[in-house]
């Protein structure tokens, strides 16, 4: 059994001070660290599309004001303007927050859905986790390295028409809870992002048409009751690379452990 401590609810002042401390530390890392950051925009017109994905922008959620869902669209538009066509050259790392910057009202960001200690709340720039989820899923279907990714610590909403495994995403919170993708291959990659009427859409392109096909497989999914009474959800996600000759290699991509904020539907014993 994987034990998860009972959540500790911290005061708003403590949360604010802690957040600003970590933001300052991350900014110092950006300034004085040795990382080669991806900053160039290029469509790689002669490239090969290696993976694409889309997700619904407006999702009716229980007890969530749909205004927050509509505001999310505007927030995504602003963030995509900084990320679309970003080129990740060999040896470079793409940081979502280094490119997007702090989502503020002055920049036009609106109140959207955010999670605060497992509770649904409102916050400026809310809803950008959908972007983190999309980018994670595309990188997972490629040889790119997911060098920083934070899992969702709470499973807030029950599965409704889920098409990808639980935990196949990345949470975002400016700027220390980041998604970073590193290119350790000899090829350049470009990420294309846009919105249509109902979807957030993305494509991952590469200058080289490598022959490996990538897939993601969920293993060891389980729900457990913790000793303090709550339920938790766990799984592992593996990246499978299938070569043109049929040979397969696999890699443990991420391991997820989340506190469930709803009662699980437990199967009856046979």
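Read the figures in this text as sums done on the coordinates, not as results from a lab. Treat the numbers as computed from the prediction; the structure is a model and nothing was measured. For neighbour counting, all protein chains shown are included, and Cβ atoms are generated from backbone atoms with ideal geometry for every residue, glycine included.
Here are the numbers for the structure shown:
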| quantity | calculated |
| --- | --- |
| Cβ-based exposure ranking for 163, 40, in which fewest neighbours within 10 Å come first | 163, 40 |
| Label-point gap, in nm, between residue 24 and residue 37 - each point 7 angstrom along Cα→Cβ | 1.9 nm |
| Ranked by how many other beta carbons lie within 10 Å on average, peptides 95-103, 212-220 from highest | 95-103, 212-220 |
| Calculated [θ] (222 nm, deg cm²/dmol) that DSSP helices of n ≥ 4 give over the chain, each run adding -39,500 (n - 2.57) | -6500 deg cm²/dmol |
| Efficiency of FRET between residue 117 and residue 148 - r from beta-carbon atoms, R0 25 angstrom, step 0.05 | 0.70 |
| Point-to-point label distance, residue 81-residue 196, nm (Cα→Cβ direction, 7 Å offset) | 2.4 nm |
| Full-stretch length increase - residue 70, residue 250 - with 0.36 nm per residue and alpha-carbon distance subtracted | 60.9 nm |
| Compactness of the chain - radius of gyration and Dmax, Cα, Å | 19.1, 60 |
| Highest-fluctuation residue, 50, 107, 72 considered, GNM on the chain with Cα pairs under 10 Å | 107 |
| Ordering of 146-152, 227-233, 186-192 by packing [mean C-beta count within 10 Å, highest first] | 186-192, 146-152, 227-233 |
| Pairwise label distance in nanometres, residue 2 with residue 59, each label 7 Å out on the Cα-Cβ vector | 2.0 nm |
| Among 249, 93, 182: highest mean-square fluctuation, GNM of the chain, C-alpha pairs under 10 Å | 249 |
